[in-house]
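Each remark here refers to the structure printed beneath this line.
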Amino acid sequence: MKRYLIGTAAVLCGVLLAGAAFAGDLKMNGSTTVLPIAQAAAEKFMASNSDVKITVSGGGSGNGIKALIDGTTDIAMASRPMKDKEKSDAEAKGVKPFEIKVAIDALCAMVHPSNPVSDLSLEQLKEIYMGKIENWKALGGEEKAIAVAGRDTSSGTFGTWEEMVMHGEKVTPKALVTASAGALLQTVAKNPLAIGYDGIAYINDSVKALKVGGVEANAANAKSGAYPLSRFLFLYTNGEPQGDAKAFVDYLLSPEGQKIVEQVGYIPLN
């Protein structure tokens, strides 16, 4: 599987400009999970549309949506649907968020490759992240403390984990908080006792993706819904996309664009 590992908070495609975008310049901001798709698609799109310059930056789904509401980005990238509070904030500023599904993802619980544990239930994952299960021995591993790692609250992946795994329970304050999908991957890859979670495109040989409830994270199981941590990935625009934004979105949803989704490691819609 091809992957893009994003180790920095922002990836710049074209020229970074301050203020509102003008004709021929398009800004995208938000989810570091969606970032590999946006980066790869922007590069291909600009190769065929030399009059358009696209800036792509990460920072988390929440930050991207806030930028859309504030008018500082043309397209917000998100690994979760918008929250009701975000929708009301947008309405108060006259912004009409338009949701576009661009890919399917399988959110993977991951551990160091040396960890003998290979399968955990949703309940076990919840209890690990609550701090109720603190030793790998209770899960069939070595008698060593679990190092819990996760994402910050602006992350859409954190929001998905809260919704699908935590079900209202709080993550232990002992958890190490990381600022991006790439940073979380590196944290788990460097610590034999760590556990974390990332989108499927970030999983490589430096970590081991766990089965969840006996189900492997792969394209077939994500599409069928058999894998319990499947989700859509989104773009948001202010109203239906127009101009360069529409051209880019149409490209990403085209067969060529969806092939890029697959090439970077996510699951195309069709």
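Of the residues in the range 257-264, at least one is within 17 Å of P36 (Cα to Cα) and in a loop (DSSP other than H, G, I, E, B).
Among residues that are under 18 Å from A40 (Cβ atoms) and touching a Cys at 6+ places or on another chain (Cβ under 7 Å), I203 is included.
The residue of the range 148-185 that is nearest to V34 (Cα to Cα), among those that are surrounded by fewer than 19 Cβ atoms within 10 Å (Cβ to Cβ) and polar (S, T, N, Q), is S154. Of all residues in the range 238-252, those that are surrounded by fewer than 12 Cβ atoms within 10 Å (Cβ to Cβ) have Cβ atoms under 8 Å from Cβ atoms of residues that are of a type in the set (F, W, Y) and part of a strand (DSSP E or B), 6 or more apart or on another chain, in G239/F98; E240/F98. Say whether the condition of being buried (at least 22 other Cβ atoms within 10 Å of the Cβ) and either in a loop (DSSP other than H, G, I, E, B) or in the same structural domain as A209 (by TED's automatic domain parsing) (or both) is met by at least one residue in the range 113-124. Yes, the range 113-124 has at least one match. Residues that are in the same structural domain as Q258 (by TED's automatic domain parsing), touching a strand residue (DSSP E or B) at 6+ places or on another chain (Cβ under 6 Å), of a type in the set (D, E, K, R) and surrounded by 21 or more Cβ atoms within 10 Å (Cβ to Cβ) do not occur anywhere in the range 76-86. All conditions in (1) of a type outside the set (D, E, K, R); (2) surrounded by fewer than 23 Cβ atoms within 10 Å (Cβ to Cβ); (3) part of a helix (DSSP H, G or I) hold for S50, with the sole exception of (3). When V148 is tested against the conditions (1) within 20 Å of the chain's Cα centre (by Cα); (2) of a type in the set (V, I, T); (3) under 30 Å from M28 (Cα atoms), the lone failure is (3).
The values are calculated or read from the model by the stated rules, or taken from the named source; none is laboratory data. Worth saying up front: this structure is predicted, and the values here are computed from it rather than measured. Neighbour counts run over all protein chains shown; Cβ positions are idealised from the backbone, glycine included.
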